[in-house]
Amino acid sequence: MKVNFANVGIVGTGAMGRGIAQIAAQAGSTVRLMDAQAGAAEKAREAICAQWDKLVEKGRLEAQAAAAHKDRLLLAGTLADLSGCDLVIEAIVERLDVKRALFAELEALVPAQTVLASNTSSLSVTAIAAALKHPERLAGFHFFNPVPLMKVVEVIAGLKTSPGVCEGLSQYARQMGHTPVQAQDTPGFIVNHAGRGYGTEALRIVSEGVADFATVDRILRDQAGFKLGPFELMDLTALDVSHPVMESIYHQYYEEARYRPSVITAQRLAGGMLGRKTGEGFYRYADGAMQVPAEPAVPQVAELPPVWVSPRASRRAELLQLLKNLGAKIETGASASPQALTLVAPLGFDITTVAVVERLDPARTVGIDMLIDDAATKRRVLATNPATRSDMRDAAHALFARDGKAVSVIRDSGGFVTQRVVATIVNIASDICQQGICSPKDLETAVTLGLGYPLGPLAMGDRYGPTNVLEVLFNMQTVYGDQRYRPSPWLRRRGAIGLSLMHQEE
C-alpha cells in the first residue's frame, strides 16, 4: 500500500476539513479541496490562505513557505477531480448513510491503490466501509479541532482494514507534525470514550445536590489539577456537540451504566443554553466573559472546638500533622469528647455511612477528602452529612482556611468530588485497556494530547494508588448500588496485587 501521499483530496470544507487541508499542504502534499455546497471550497481556501498570511505577519512562517503552501492548495469542482489522489479524506456530516454513499461514489472513481479515510468521530468505520467492494482500503483518520493545534490523530482499523493502510496513515500523521494513536473500531474510539467520566460524573454530583456547577469546577481545577472544570469545558465545546456524543456512546454500548448521560444537559440543550456561543450555559457570559458566582466567605468563629480524628481516616498521620500546623487542639482519646469536632477521611464512603459504622455523633461529624496529598493541592474539600450542626460545619471551614488555602464545603457524597471523578476516569480508562481498544501507551498519549488532562488516566491512577482507586469504587458501589461504579477487571486485578495500571501482560 502506498505510503507517500503526494496528492491528497479533502471532501468537506468545514472547520475539520480546512484544518486537515492546512496541515496536509504544510506537510508537502498537493491538496484538492472539494465540497458539494457551491462556493464552499473557494471560501475554505481563502480562509486557509488567510491563516498562513497571519502566520507570516507574526513572523512564525516565511513568506516563501506560505507561497509554496498556497501553490499546493487547489480546488476540485467534482469528485472526479480527485481521481488522481493517493489519499482521500472525508470530513462531512456525521451521518452513516451520507458517508457510505460518498465512499461508494469515490470507490468507482479512484484507482485501486488509493487510500480512503474518514474523519468520523463517532460512527463505526466497519459500518462505513461495509458497502465497499474493497473495504480493506478504508480506515478512520480522526483529527481534533482545531486541527493545527490539537496534535493527536486516531487511526482506526475497521474489521476488514488492511494493516498497511493504518501504518501508512500513521506515517503520514507524523509527516503532518501530529502524533498518531492506534484504536480499534469501538464507540468513541479512544479520546471520546476515555473522556466520558469527567463530565458525566460531575453532572451526577450536581444532580444529587452535592454542590453547584462553579464549586465542582473549582474543586476539580484546584484539588485535582484539571485546566478547566467540566462545566467550563462543556460551555466551551457547547452542549449541541457534547450531549449528543454522551448519548451516542451510551446507546452504542447498549446502555452501559458507566456512560450514562444526564437529564441536566438534555434539558439545557432543549432550552438552547448551549454555552459560550449562546451567551448562557452552565455560566452566563457578558461580552464573552464568564460570570462566576463569588465563593462563600470563610465563617468567623470566635473559638474553635477541639478536634478528634477517626482512627480509620485515610492519610491519618498527614491529617494530624496538618491540624497541628493549623494550630488545632487535638484530642487523642479513644473517642471524641462531647464538645469535639469529629473528623473522618473516607475513601468512597459518604460521611453518613462512616458516622453510622464508626458509631460517631453525626451532628459533630465532618469529612475531609484526603485522597491527594494536601501539599499538592490548592484547595481543601470538606463534606457534611444531613445531621451536621452548622456551628461544627463553620468551625471546620474556618480551621482548614487558617493558612489561606481555599476551602469548599459540600453536602454528603460518596467519594466527595475529586475521588469519584478521578476514580470514574481511571476505571473507564482501565476498561478501554481491558477491551483491547488500544495499548496503555497510546491511551495515555491520546488523552493527554486530546483532552489536556494533568496526567494520563492510568498515570493518574498510579499516582493516587490503584488500591485507593479500587477502594473508592468498591465503596461507592456500596453507597449507591449502581453498576456504574463496578471496577474494571484491569483495575481490580492490578490494584489487588499492587501492579502499575500501565502494566500490560506479555
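The values are calculated or read from the model by the stated rules, or taken from the named source; none is laboratory data. None of these values were measured; they are calculated from a predicted model. Because the Cβ atoms are built from the backbone with ideal geometry, glycine has one as well, and the counts that use them run over all protein chains shown. SASA here: full protein model, heavy atoms, side chains in, ligands and nucleic acids out. Shrake-Rupley method; radii C 1.70, N 1.55, O 1.52, S 1.80 Å.
Tabulated data
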quantity: Index of the failed condition, I48 passing every other in (1) outside any helix (DSSP H, G or I); (2) touching a strand residue (DSSP E or B) at 6+ places or on another chain (Cβ under 9 Å); calculated: (1)
quantity: Candidates I437, I372, I432 - the one that is within 30 Å of P187 (Cα to Cα), of a type in the set (A, V, I, L, M) and outside any helix (DSSP H, G or I); calculated: I437
quantity: Which listed residue, of G271, G288, G188, G229, is free of Cβ contacts under 8 Å to residues at least 40 places away in the same chain and buried (at least 20 other Cβ atoms within 10 Å of the Cβ); calculated: G229
quantity: Contacts under 7 angstrom Cβ, first residue in segment 7-21 being polar (S, T, N, Q), partner assigned to a loop (DSSP other than H, G, I, E, B), 6 or more apart; calculated: N7/S29; N7/G84; N7/C85; N7/D86; T13/D35
quantity: Test: residue in segment 44-52 that is at pLDDT below 95 and open to solvent by 60 Å² or more (accessible area, probe 1.4 Å); calculated: no
quantity: Some residue of segment 333-348 being open to solvent by 50 Å² or more (accessible area, probe 1.4 Å), touching a strand residue (DSSP E or B) at 6+ places or on another chain (Cβ under 7 Å) and either within 20 Å of S408 (Cα to Cα) or polar (S, T, N, Q) (or both); calculated: no
quantity: The one condition in (1) open to solvent by less than 60 Å² (accessible area, probe 1.4 Å); (2) more than 28 Å from A15 (Cβ to Cβ); (3) touching a strand residue (DSSP E or B) at 6+ places or on another chain (Cβ under 8 Å); (4) not in a strand (DSSP E or B) that W308 fails to fulfil; calculated: (4)
quantity: Hey, A406 modelled with pLDDT of 95 or more, buried (at least 24 other Cβ atoms within 10 Å of the Cβ) and hydrophobic (A, V, I, L, M, F, W, C) or not; calculated: no
quantity: Residue list for segment 15-29, restricted to those being open to solvent by 30 Å² or more (accessible area, probe 1.4 Å) and within 16 Å of E90 (Cα to Cα); calculated: A15, M16, R18
quantity: Scan of segment 173-206 for residues that are out of contact with any Leu (no Cβ under 7 Å at 6 or more places or on another chain) and over 25 Å from G461 (Cβ atoms), ordered by number; calculated: A173, R174, Q175, M176, G177, H178
quantity: Enumeration of residues in segment 255-273 that are basic (K, R) and over 17 Å from T237 (Cβ atoms); calculated: R258, R260
quantity: Residue that is nearest to the chain's Cα centre (by Cα), among those in segment 376-422 that are more than 20 Å from A340 (Cα to Cα) and among the small types (G, A, S); calculated: G415
quantity: Segment 150-182, residues that are hydroxyl-bearing (S, T, Y) and in a strand (DSSP E or B); calculated: T179
quantity: Residue, most open to solvent (accessible area, probe 1.4 Å), within segment 475-490, restricted to residues that are in contact with a helix residue (DSSP H, G or I) (Cβ under 9 Å, 6 or more places away or on another chain) and more than 24 Å from P230 (Cα to Cα); calculated: T478
quantity: Single unsatisfied condition, V469 versus (1) open to solvent by 60 Å² or more (accessible area, probe 1.4 Å); (2) outside any loop (DSSP other than H, G, I, E, B); calculated: (1)
quantity: Sole residue being within 31 Å of the chain's Cα centre (by Cα) and under 20 Å from D394 (Cα atoms), chosen from A289, A294; calculated: A294
quantity: Subset tally (residues that are assigned to a strand (DSSP E or B) and more than 33 Å from the chain's Cα centre (by Cα)) for segment 342-366; calculated: 2
quantity: Qualifying residue in segment 241-260 (condition: surrounded by 15 or more Cβ atoms within 10 Å (Cβ to Cβ), among the basic types (K, R) and in a loop (DSSP other than H, G, I, E, B)); calculated: yes
quantity: T237 vs. criteria free of Cβ contacts under 8 Å to residues at least 60 places away in the same chain and of a type in the set (V, I, T); calculated: yes
quantity: 3 or more residues farther than 18 Å from V155 by Cβ and open to solvent by 20 Å² or more (accessible area, probe 1.4 Å): qualifying helices (runs of 4 or more DSSP H) within segment 57-144; calculated: 63-72, 96-107
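Listed here are the residues, each with its yes/no results for (1) in contact with a helix residue (DSSP H, G or I) (Cβ under 6 Å, 6 or more places away or on another chain); (2) farther than 21 Å from M476 by Cβ; (3) at pLDDT below 95.
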position: E358; (1), (2), (3): no, no, no
position: A383; (1), (2), (3): yes, no, no
position: M392; (1), (2), (3): yes, yes, no
position: G414; (1), (2), (3): yes, no, no
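Conditions (1) open to solvent by 10 Å² or more (accessible area, probe 1.4 Å); (2) within 25 Å of K151 (Cβ to Cβ), marked per residue:
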{"position": "V354", "(1), (2)": "yes, no"}
{"position": "L360", "(1), (2)": "yes, no"}
{"position": "R411", "(1), (2)": "yes, no"}
{"position": "V447", "(1), (2)": "no, yes"}
{"position": "Y453", "(1), (2)": "yes, yes"}
